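To start, the structure under review is shown below, and the notes come after it.
Derivation of every value follows stated rules applied to the coordinates shown; laboratory data play no part. Please read these numbers as outputs of a predicted model, since none were measured by experiment. Here the Cβ positions follow ideal geometry from the backbone for every residue, glycine too, while neighbour counts run over all protein chains shown.
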Amino acid sequence: MNTFAIYKDKVYPLNIRDGSLRLRSNIKEEGFKQSIDIMGNEHNDLFIKELSEEDVELAFEIEVVVVFKGEEFQLFTAVSPDDITVKLISFNPEQAKQFDFEIHEPFVFKKEISFDEVEEIIEIRKPILKWEGQPESRRIIPKESGKDYFGR
């Protein structure tokens, strides 16, 4: 799952480190500092802003679910826009058997399907940190927009 925060009405990728929230941006914005990695290399395309929970409007994780044959499955790997397959994962042995999943590791099953077999894509936002316990939200991505969604 990917982690994000809403700060000043804008969604940013989020890292949480030692109780500090670190927003990431690919463009220089007010209050963001140029990223310098542990080797001392400066990155002109990555900017960081450190905040506390009180500074952001919401922090959440995004889980992407794919509907295949009427059932929801977690996405196993990200899909490139050029890829014509989607890899699904299940932790339910009965469901895995019903849909011909392969054993990936104990109690983890995966299946590769054609993108044409995807019925819909659902993006689930799950609040985290002090917002945990708030309702999650679900956004349905129409199948015809799916390849664009994964290429974002």
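Can you tell me which of 15-21, 124-130 comes out highest on packing, and rank the rest after it, using the mean Cβ neighbours within 10 Å?
124-130, 15-21
List every residue whose amide H lies under 5 Å from the amide H of residue 128, counting only residues 5 or more places away in sequence or on a different chain, with H placed 1.01 Å from N in the peptide plane.
59, 60, 61
In terms of the Cα gyration tensor, with a ≥ b ≥ c the square roots of its eigenvalues, is segment 89-152 rounded because a/c is under 1.5, prolate because a/b exceeds b/c, or oblate?
Taking the square roots of the gyration eigenvalues as a ≥ b ≥ c, segment 89-152 is oblate.
For segment 5-22 and segment 108-123, compute the distance between their C-alpha centroids and round to whole Å.
Result: 30 Å between the Cα centres.
At R0 = 35 Å, how high is the FRET efficiency between residue 1 and residue 42 if r is their beta carbon distance? Nearest 0.05 is fine.
Calculated transfer efficiency: 0.75.
Sum -39500 (n - 2.57) across every DSSP H segment of at least 4 residues in the chain, then divide by the residue count to get the 222 nm mean residue ellipticity, nearest 500.
-1500 deg cm²/dmol
Under the Karplus relation 6.51 cos²θ - 1.76 cosθ + 1.60, θ = phi - 60°, what is the ordered set of whole-Hz ³J(HN,Hα) values for segment 19-34, x standing for Gly and Pro?
Result, rounded to whole Hz: x, 9, 9, 10, 7, 10, 9, 8, 10, 6, 10, 4, x, 8, 10, 4.
Which whole-number percent of Cα pairs in the chain have a distance greater than 26 Å?
Value for the chain (Cα pairs over 26 Å): 42 percent.
Could you give each residue of segment 49-58 its phi-based ³J(HN,Hα) in whole Hz, using Karplus coefficients 6.51, -1.76, 1.60 with θ = phi - 60°, and x for Gly or Pro?
10, 8, 9, 9, 4, 5, 7, 9, 7, 6
So for the chain, averaging the separation of alpha carbon pairs under 8 Å that are six or more residues apart and normalising by length, what relative contact order in percent results?
19 percent
Under the rule of at least 5 residues apart or a separate chain, name every residue whose amide H is placed under 5 Å from the amide H of residue 120.
Here the answer is 67, since their amide H atoms fall under 5 Å of that of residue 120.
Once phi is turned into θ = phi - 60°, what whole-Hz ³J(HN,Hα) does the Karplus curve with 6.51, -1.76 and 1.60 give for every residue of segment 131-145, x standing for Gly and Pro?
Calculated HN-Hα couplings, in order: 8, 4, x, 6, x, 7, 10, 10, 10, 8, 9, x, 3, 5, 9 Hz.
Using amide H atoms built 1.01 Å from N in the peptide plane, name the residues 5+ places from residue 104, or on other chains, whose amide H lies under 5 Å from its own.
109, 110
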